Amino acid sequence: MLKCKAVWQKLAPLARDSSTLCRQNMKRTVLKCGCRPTLVPRAQMSSKIPGGENMAYYILVGGTFLGAGYYAYKTLSGDKRRYEERITEMSSRSSPLSGEQPMTFLQPELKEAEPSEAPAAEDSAADPLGPEPVAAEPVVAEPSATEPVAAEPLAAESPAAEAVAALPEIPAHAPYLLIGGGTASFAAARSIRARDPGARVLIVTEEPDLPYMRPPLSKELWFSDDPTATETLRFKQWNGKERSIYFQPPSFYVSPQDLPKVENGGVAVLTSKKVVHMDVRGNKVRLDDNTEISYDKCLIATGGIPRNMQVIERAGEEVRKKVTLFRRISDFKSLEKIAREVKSITIIGGGFLGSELACALGRKSNESGLEVVQMFPEKGNMGKVLPEYLSNWTTEKVKREGVNVITDALVKNVSFKDDRVEIKLKDGRMVTTDHIVAAVGLEPSVELAKSAGLEVDADFGGFRVNAELQARSNIWVAGDAACFYDIRLGRRRVEHHDHAVVSGRLAGENMTGANKPYWHQSMFWSDLGPDVGYEAIGIVDSSLPTVGVFAKATAKDTPRAATEISGTGIRSESETEAVASGVMPINPTVPLAPQQGDDYGKGVIFYLRDKVVVGIILWNVFNRMPIARKIIKDGEEHADLNEVAKLFNIHED
């Protein structure tokens, strides 16, 4: 039917032209004779051909019809030949033996996780970054048994094969370019896709891994009973639920090669690539392999690198081989393997990371006999954060985990002798160990500032940004590398998971035109195992005046119990301000200030500046962060902090 219609469409113009020509010739004949043509009697016999003067007309009409017929025949033959060639080409592309990729089709609807990835889908439900529509994913059309299979050489010569081979591995342009593959970058990607469902987002990361969360590297992964956890990177939260360290499985992402042509957009991750130069005028970046990528809008979420000690850097190659700067998945895998092979590990640093690793390795030492030493210049664990009495209590807790804690330790020299590392302190003490973990802080990654012409804050480090997290008109910064202005606490730079989540999310929204200011008070948390943990917000500096209100703890006042109640192991999930707006004290009991020697089971510590609360630590008190956030947001001076402590209900049974 379609063929007949096609033929008619080609012959109709010819028929119309012939009819027009006939009418024109008849008109000319009538005008020439000056009268109507006379009819010839039927019985008339003559050797003369009637109408001989119009012979040219009849020849023209006949020739036209003959030409039209020949044209129709050639057209139909050509169509049939091209149709057969197209069928052969399609069969060769769908053949599993041809070496080519089968034909793919993009689903218009959002794709759920496959049944085999059910645990990963459960992880996403508990993800602190919140739910996000998953990008449409190519679905392979399997060839049927009845389809013809083309030979290998024919498939290799097809135009489709040449087109696929010509696609570059790294796209030349990305509408949204995110530099860095950490929490802030992934949160921004989700936010961009939520506001712009067809967005094409490219994440460039130095690491070989897809975006993942860092907190479990120093917490839950060390307490896993699964011997394969180091490879699978799946762990049990304190509430017993299992999840992966990765935010999303590989099926969530599209390949960088396919990103420019996917119909519904998506998120692609370019791993093991580093951005070494930014051309902000040309809106493009250069990678370490000299590849260039242009962009419309760019996010810098480069995070930071672990700070090393000068005495270690000067010690020589032999010592540096025995030192771990803990930050990445590769560092976790390496240290876990070392902990099973050596007899002694020394952790230098008494902050969050150093104390968490000390407790984790100390717990392991009870089974393997590993000697774990922790040393730091402060008088107690987390001495720069906690008030002295709570720092001393924490130190005793770490010692009970099997760790040899050395306080007031200033490292003078590190040397290598007899295949071991000798650490000499300034007071003459000597520690000999097999391996060192340096946990002495983080340096923000601001290498791109020079080529990009971006400002780095002299006091806090990091890229200086405005209230909308912008460094320039089309460049945003989020996470550890951002130095932002806090409307309550002044200019700050925060190195915690919750800040990375919220700042990345806001930067992504602003990249799509939201123009929202960053007013969030981020929180952070630390767990010394499943039984002791705390959450903090604001400026928590032990040099500030503090007021602590404590109570006896119960069995439910532990990180393990808190996650069982909340259902999530990542306690940085951002609460809305509305949750805290109507909070009223439930228990009228007046809290008492702690006395030296008490068992600080649970409590609230207020940090003051000019008599105003600028920081709060909730010690073994969980799911109360909205209250603390509102207190800091209000910025009021309180005459009696015991009354304020009632809001946290620490005396409830």
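General remarks:
- Among the residues of the stretch 432-457, not one is within 29 Å of Gly369 (Cα to Cα) and open to solvent by 80 Å² or more (accessible area, probe 1.4 Å).
- Subset of the stretch 302-313 [touching a residue at least 60 places away in the same chain (Cβ under 8 Å) and closer than 30 Å to His277 by Cα]: Thr302, Gly303, Gly304, Ile305, Pro306, Arg307, Asn308, Met309, Ile312
- The stretch 468-499, subset outside any strand (DSSP E or B) and open to solvent by 30 Å² or more (accessible area, probe 1.4 Å), residue nearest to Arg624 (Cα to Cα): His496
Here's the yes/no breakdown for (1) touching a helix residue (DSSP H, G or I) at 6+ places or on another chain (Cβ under 8 Å); (2) of a type in the set (A, V, I, L, M, F, W, C):
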{"position": "Phe463", "(1), (2)": "yes, yes"}
{"position": "Asp480", "(1), (2)": "yes, no"}
{"position": "Tyr485", "(1), (2)": "no, no"}
{"position": "Ala500", "(1), (2)": "yes, yes"}
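- Matching entry among Glu157, Glu206 (being modelled with pLDDT of 50 or more and open to solvent by 60 Å² or more (accessible area, probe 1.4 Å)): Glu206
- Residue, farthest from Leu357 (Cα to Cα), within the stretch 207-241, restricted to residues that are part of a helix (DSSP H, G or I) and of a type in the set (Val, Ile, Thr): Thr232
- Just one of the numbered conditions (1) under 30 Å from Phe416 (Cα atoms); (2) not in a loop (DSSP other than H, G, I, E, B) is not true of Met278: (1).
- Segments classed as strands (runs of 3 or more DSSP E), wholly inside the stretch 304-398, with at least 3 members that are over 27 Å from His499 (Cα atoms): 344-348, 371-375
- Between Val414, Val477, Val372, the distinction of being at pLDDT 95 or above and over 25 Å from Val311 (Cβ atoms) belongs to Val477 only.
- Considering residues of the stretch 209-249 that are touching a Pro at 6+ places or on another chain (Cβ under 8 Å) and either surrounded by fewer than 18 Cβ atoms within 10 Å (Cβ to Cβ) or of a type in the set (Val, Ile, Thr) (or both) only, the residue farthest from Glu336 (Cα to Cα): Glu242
- Scanning the stretch 397-431 for residues that are open to solvent by 70 Å² or more (accessible area, probe 1.4 Å) and touching a Phe, Trp or Tyr at 6+ places or on another chain (Cβ under 9 Å) yields a single hit, Asp408.
The values are calculated or read from the model by the stated rules, or taken from the named source; none is laboratory data. These numbers come from a predicted model, not from an experiment. In this analysis, Cβ positions are derived from the backbone assuming ideal geometry, glycine residues included, and neighbour counts consider all displayed protein chains. Just so you know, the surface numbers come from the protein's heavy atoms only, side chains and all, with ligands and any DNA or RNA stripped out. Shrake-Rupley method; radii C 1.70, N 1.55, O 1.52, S 1.80 Å.
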